[in-house]
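Chemist: Pasting a structure here, questions to come.
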Amino acid sequence: MTIPDDHVEILRVNGTINAEPVLAALRANGIPAAAVGEAVGRVYGLTLDGLGVVSIVVPKEHEEQARELLAAGELHQLELRENEDIEG
């Protein structure tokens, strides 16, 4: 698992299924995020002795913003709203 020099790891999760919501939240907030992990974990969905561990990485210039967003999510201050009617 190699992280590009201009990126920083902000979170590790087990499997891509756990990475996807985090990536979606970061990207929805304008933070270009990527998942870096073991190929076999992506193919088979395995998480065993570090196999299947996925690192969420962002460009270094977005690290602070990304960490603040993750902290807000942990404190349940981050809301994702679906199917909300918008009246104009």
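Chemist: Just one of the numbered conditions (1) at pLDDT below 70; (2) exposed (fewer than 12 other Cβ atoms within 10 Å of the Cβ); (3) touching a helix residue (DSSP H, G or I) at 6+ places or on another chain (Cβ under 7 Å) is not true of R81; which one?
Modeler: Exception for R81: condition (3).
Chemist: Follow-up. On the given criteria, is H76 more than 30 Å from P4 (Cα to Cα) and modelled with pLDDT of 60 or more?
Modeler: Working: more than 30 Å from P4 (Cα to Cα): yes; modelled with pLDDT of 60 or more: yes.
Against the criterion (more than 30 Å from P4 (Cα to Cα) and modelled with pLDDT of 60 or more), H76 qualifies.
Chemist: Take the conditions surrounded by 15 or more Cβ atoms within 10 Å (Cβ to Cβ), on the phi > 0 side of the Ramachandran plot and either modelled with pLDDT under 95 or in contact with a Ser or Thr (Cβ under 9 Å, 6 or more places away or on another chain) (or both) and apply them to G37. Does it pass? Spell out how you get there, then give the answer.
Modeler: Numbers: surrounded by 15 or more Cβ atoms within 10 Å (Cβ to Cβ): yes; on the phi > 0 side of the Ramachandran plot: no; either modelled with pLDDT under 95 or in contact with a Ser or Thr (Cβ under 9 Å, 6 or more places away or on another chain) (or both): yes.
When the stated conditions are applied, G37 does not pass them.
Chemist: Run down I10, I17, I56 and say which single residue is at pLDDT below 90 and either touching a Cys at 6+ places or on another chain (Cβ under 9 Å) or of a type outside the set (D, E) (or both). Talk me through it step by step, then tell me what you get.
Modeler: Details: I10 fails: at pLDDT below 90; I56 fails: at pLDDT below 90.
Answer to the selection: I17.
The values are calculated or read from the model by the stated rules, or taken from the named source; none is laboratory data. Keep in mind that what you see is a predicted model, and the values were worked out from it rather than measured. FYI the Cβ positions are ideal-geometry reconstructions off the backbone, even for glycines, and counts take in every protein chain you see.
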